[in-house]
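Structure first, commentary second.
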Amino acid sequence: MIHRRLIAGPTFILGLVWLMRQLRAFATGLGYTLSRRKGGETQVVFPELQDKPLPHQVELTQLIDKHAYAQAADRLLALQYAMTASEFLKLGIWFYATLNRFDDQNLASGGISRASLVAGLAQLKQLDL
């Protein structure tokens, strides 16, 4: 009898809720949280391990290292039809996430603005995959 009360008791349920919240936070921290278009549910997606760089990632990295951000953005757009849509989306997300780490002054010195980054991400979002 005591065992059944422990399992079904309020303390157990609170502990279970706490555990589920911790697991969800852990999973969200490891992956990216994306909201689904229909239903508004949350889906946790774990990124693939990147043993090798994405196609053209080295080329874009070299341009970023030279602070040629606008040139790198132009090159990214030129690559859209030179690779699969999935590869382009991954490369684009990587590119804009990389540039987003810089402050506005650094971006401006490289010929690009924060608004341009937002516009580029919006274009990626509209890709039909």
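Restricting attention to the range 54-73, the residues that are closer than 15 Å to residue 107 by Cβ and either open to solvent by 50 Å² or more (accessible area, probe 1.4 Å) or among the hydroxyl-bearing types (Ser, Thr, Tyr) (or both) add up to 5.
Tallying residues that are under 23 Å from residue 53 (Cα atoms), open to solvent by 20 Å² or more (accessible area, probe 1.4 Å) and not in a loop (DSSP other than H, G, I, E, B) within the range 99-126 yields 4. The sole residue among 96, 81 that is open to solvent by less than 70 Å² (accessible area, probe 1.4 Å) and hydroxyl-bearing (Ser, Thr, Tyr) is 96.
The values are calculated or read from the model by the stated rules, or taken from the named source; none is laboratory data. The structure displayed is predicted, hence computed values, not measured ones. Cβ: placed from backbone, ideal geometry, glycine included. Neighbour counts: every protein chain shown. Just the protein is used for accessible areas: all its heavy atoms, side chains included, with ligands, DNA and RNA removed. Shrake-Rupley method; radii C 1.70, N 1.55, O 1.52, S 1.80 Å.
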